[in-house]
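Trainee: Can you read through this structure? Questions will come right after.
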Amino acid sequence: MRLLTQQQERTVRGAFSLLWVVLVVFAPAALFYFAVPLSVVNVVYWISIVSISITNLAIFLELLLAPFWDRYIERSKAGPVDFGTRHIVAMVSAYLPNEIDILSDTIQRMINADRPTEHTMLTVLIDHNGGKPDQVKRLEGIVAGFNAELGPDSPVRVVEVENKESRSKAENINYALDYMARMQPPPEMVALYDADHQPAPDVFVLAAGRLESSGADVLQGRAIIHQGYPLIALEYDIIYTVFWNGGQLLRGWGLFGGSNGYWRFEVLSQIGMDETRLTEDIDSSFRALRAGYLIEYDSSLRSYEEAPPTLYDLFRQRLRWAQGWGEVTEAHSGVIFAANPYFTLLSRIGVFLLLPWREVTAVYISHQALLAGAASVIRCGGIECINKPLLFFAAQLLIIPWLNVVMAYKLSRGFRHPDLRWWHYVLYAVLSPVYETVKFLTSVLAHGRNLAGMKNWRVTKRKEADAKSVPSDLSSASGSTAETMSVA
């Protein structure tokens, strides 16, 4: 017999997750001030400061290495490529009715994009959950209109695949994989996009050339926010130009970020997406890496997307991400010690820093520096009680954001949000401690929700695309083809 209704159960689980935030954030402060000996408080302070320093050392290494990966990619692309790619599928995972208004523009950008050769087939595949009959009929009309414009003999076509049982992007992708397996000829490369992503004109040429000329099995491109809050766009620039560039060199591998990713079809068919994961992209990355496949990051593969339309939607998105990273940490941290020939010592250290170290220190240890430091000052009677050299390490928290924005500006190479100005960089660096605190609280809440079993997949809201904010390298797409690729 069920003791609680579904609504009551959700309320209890929600209350537990909020209680978890209170316990993690405020309980240590009470213990440090009232119950724990001052010597123990000082030990906790030392541990938290050292953990912050180790994390910031890794961040600093990524900052230093970030420019070198871009240079390596540029050099490795020099020279012509004899394209053997016969068929490319650009798969757009759409959730109706949330994303119906932005699909037409996304499809248009894709069919206008360059292809490796004039004979290369391009299939724009819209995999979706169905929705109401009028929404499905509207989508069918959009697809039919594009195909009529292209003509029956065109190597470019648009198809839609409906999965009425779908409740997530992972389910959409897995369903579409079965459809692609029956294509003739089967695709060599599958480009995965969210419905709001609009690829730059040259991405199919660059990605196909890179997959054919390197040992990579998966490529992850750079996502650029071109609509919405400029500060969110700047955060994306930091993630993709600094952390993903530097992380590739530091760890020896990249990650698939969910959209603007380019997979060899046979690899994607084997790995698929785990429909139980909140961040199926990161989970598929680690399953691919553990199977011996190589993932590389390439910032020249650009796509443009919109930021969540409201701060609440941003919070819901980041909460899902934080819960998903917690799941991935639990599922894949074992590779650090597993007998896996595909992971070197450096790769295992990278996994350690990216998964268990980040999850534990960011959520449970780093913030203790402020709590233990404040308790030590209050109980000891003055600021002189804190070991002054350790304050230098704490100052890293204020220095790192400035280094991040400077490097992001340098490496973004002019491809950035159209409204991003110099003062946004200053504002982001100044507000970073506050924003990092909000992200910390979100991560704590995410852990509480995972413990409570609250793992519902939620769709990020979209708004209708604004034609005035289309980036220049998208508006100039002409649909031309390239027989060879040469990068100076």
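The values are calculated or read from the model by the stated rules, or taken from the named source; none is laboratory data. Predicted model, so just to flag it, every value in this text is computed and none were measured. Cβ placement follows ideal geometry from the backbone for every residue including glycine, while neighbour counts extend to all protein chains displayed. The area values use the complete protein model at the heavy-atom level, side chains included, leaving out ligands, DNA and RNA. Shrake-Rupley method; radii C 1.70, N 1.55, O 1.52, S 1.80 Å.
Trainee: Tell me the label only: which of (i) 69, 68, 44; (ii) 75, 74, 42; (iii) 82, 64, 50 is Cα extents along the principal axes in Å as calculated from this structure?
Mentor: Computed from these coordinates, Cα extents along the principal axes in Å corresponds to label (iii).
Trainee: Which whole-Hz couplings ³J(HN,Hα) result when phi for each residue of the stretch 107-118 is put into the Karplus expression 6.51 cos²θ - 1.76 cosθ + 1.60, θ = phi - 60°, listed in order with x for Gly and Pro?
Mentor: Karplus-based 3J(HN,Hα) across the stretch 107-118 equals 4, 4, 4, 6, 6, 7, 5, 5, 10, x, 9, 5 Hz.
Trainee: With the dipole of the stretch 51-180 worked out from charges on the C-beta (+1 for Lys and Arg, -1 for Asp and Glu) around the Cα centre, which of Ile142, Ala66, Pro155 lies farthest toward the positive end?
Mentor: Final value for the positive-end residue is Ala66.
Trainee: Using only the heavy atoms of the protein chains and a 1.4 Å probe, how would Val434, Val25 rank by accessible area, largest first?
Mentor: Descending order: Val434, Val25.
Trainee: Out of all DSSP beta bridges with both ends in the chain, state the antiparallel percent to the nearest 5. The partial results should precede the final answer.
Mentor: On the way: 9 of 38 bridges.
Antiparallel bridges: around 25 percent, rounded to the nearest 5.
Trainee: When the helix-only estimate is applied to the chain (DSSP H runs of n ≥ 4, each -39,500 (n - 2.57), divided by the residue count), what is the mean residue ellipticity at 222 nm, nearest 500 deg cm²/dmol?
Mentor: After summing the helix terms and dividing by residue count, I get -17000 deg cm²/dmol.
Trainee: Please tell me the relative contact order of the chain in percent, rounded to the nearest whole number, where contacts are Cα pairs under 8 Å and at least six residues apart.
Mentor: Value for the chain: 28 percent.
Trainee: I've got another one for you. Please get the size of the charge dipole for the chain, origin at its Cα centre, with Cβ charges of +1 on Lys and Arg and -1 on Asp and Glu, quoted in debye to the nearest 20.
Mentor: That gives the chain a dipole magnitude of about 1500 debye.
Trainee: Probe of 1.4 angstrom, ligands and nucleic acids ignored: what's the accessible area per residue over the chain, in square angstrom?
Mentor: 45
Trainee: Measure up Lys132/Lys439; Lys132/Lys455; Lys137/Lys439; Lys410/Lys455 against 31 Å on the Cα-Cα distance and list the ones that go over.
Mentor: Lys132/Lys439; Lys137/Lys439; Lys410/Lys455
Trainee: Moving on. Exactly which trypsin sites (Lys or Arg not before Pro) in the stretch 1-65 are in a DSSP loop and have at most 12 other Cβ atoms within 10 Å?
Mentor: Those satisfying the criteria are Arg2.
Trainee: Please give the contour-minus-distance gain from Arg75 to Val360: 0.36 nm per residue of separation, less the Cα-Cα distance, rounded to one decimal in nm.
Mentor: Full extension from Arg75 to Val360 adds 98.8 nm.
Trainee: With a 1.4 Å probe and every protein chain left in place, tell me how much accessible area Trp423 has, in Å² to the nearest 10.
Mentor: 120
Trainee: Roughly how many whole Å is it from the C-alpha centroid of the stretch 409-441 to that of the stretch 339-378?
Mentor: Answer, in whole Å: 24.
Trainee: Using only C-alpha positions, report the orientation-averaged shadow area of the convex hull of the stretch 16-114, nm², one decimal.
Mentor: Result: 13.8 nm².
Trainee: Report the gain in length on full extension from Glu165 to Leu431: 0.36 nm times residue separation, minus Cα-Cα distance, nm rounded to one decimal.
Mentor: Taking 0.36 nm per residue and subtracting the Cα distance, the gain is 91.5 nm.
Trainee: Rounded to whole Hz and in sequence order, give me ³J(HN,Hα) for the stretch 300-309 from the Karplus expression 6.51 cos²θ - 1.76 cosθ + 1.60, θ = phi - 60°, writing x for Gly and Pro.
Mentor: Residue by residue, the stretch 300-309 yields 6, 8, 9, 9, 10, 9, 9, 6, x, x Hz.
Trainee: Something else now. Rounded to the nearest 20 Debye, what is the dipole magnitude of the stretch 113-262 about its Cα centre when Lys and Arg each give +1 and Asp and Glu each give -1 at the C-beta?
Mentor: 260
Trainee: For the stretch 176-250, what number results from the quotient of the Cα radius of gyration and 2.2 N^0.38 Å?
Mentor: That works out to 1.35 for the stretch 176-250.
Trainee: So what is the relative contact order of the stretch 131-272, in percent, for Cα pairs below 8 Å that sit 6 or more residues apart? Intermediate results must be reported in sequence, preceding the final value.
Mentor: Values: 99 pairs, mean separation 40.7, N = 142.
Across the stretch 131-272, relative contact order equals 29 percent.
Trainee: Also, I was wondering about something else. Residues with amide H under 5 Å of Glu160's amide H, sequence separation 5 or more or different chain, H placed in the peptide plane at 1.01 Å from N; which?
Mentor: Those qualifying (amide H under 5 Å, at least 5 residues apart or on another chain) are Ile126.
Trainee: With the cut-off at 25 Å, report for the stretch 37-186 the share of all Cα pairs above it, as a whole percent.
Mentor: 53
Trainee: While we're here: For the stretch 61-180, what is the relative contact order in percent, using Cα pairs closer than 8 Å and at least 6 residues apart in sequence? Don't skip to the answer; put the middle values down first.
Mentor: Values: 132 pairs, mean separation 32.8, N = 120.
27 percent.
Trainee: I'd like the Karplus ³J(HN,Hα) series for the stretch 432-439: coefficients 6.51, -1.76, 1.60, θ = phi - 60°, whole numbers in Hz, and an x wherever there's a Gly or Pro.
Mentor: 3, x, 5, 5, 5, 5, 5, 5
Trainee: Shifting gears a bit: Going by amide H atoms built from the backbone, whose H comes under 5 Å of the H on Met121, apart from near neighbours?
Mentor: It is His87, Ile88, by chain and number.
Trainee: Full-extension gain between Thr344 and Leu451, please, as 0.36 nm times their residue separation minus the C-alpha to C-alpha distance.
Mentor: On the way: separation 107, 0.36 × 107 = 38.52 nm, distance 3.22 nm.
Additional length available on full extension: 35.3 nm.
Trainee: Right, here's the next one. Over the alpha-carbon set of the stretch 164-209, work out the extent along each principal axis and list the three values in angstrom, largest first.
Mentor: Here the Cα extents, ordered largest to smallest, are 35, 28, 11 Å.
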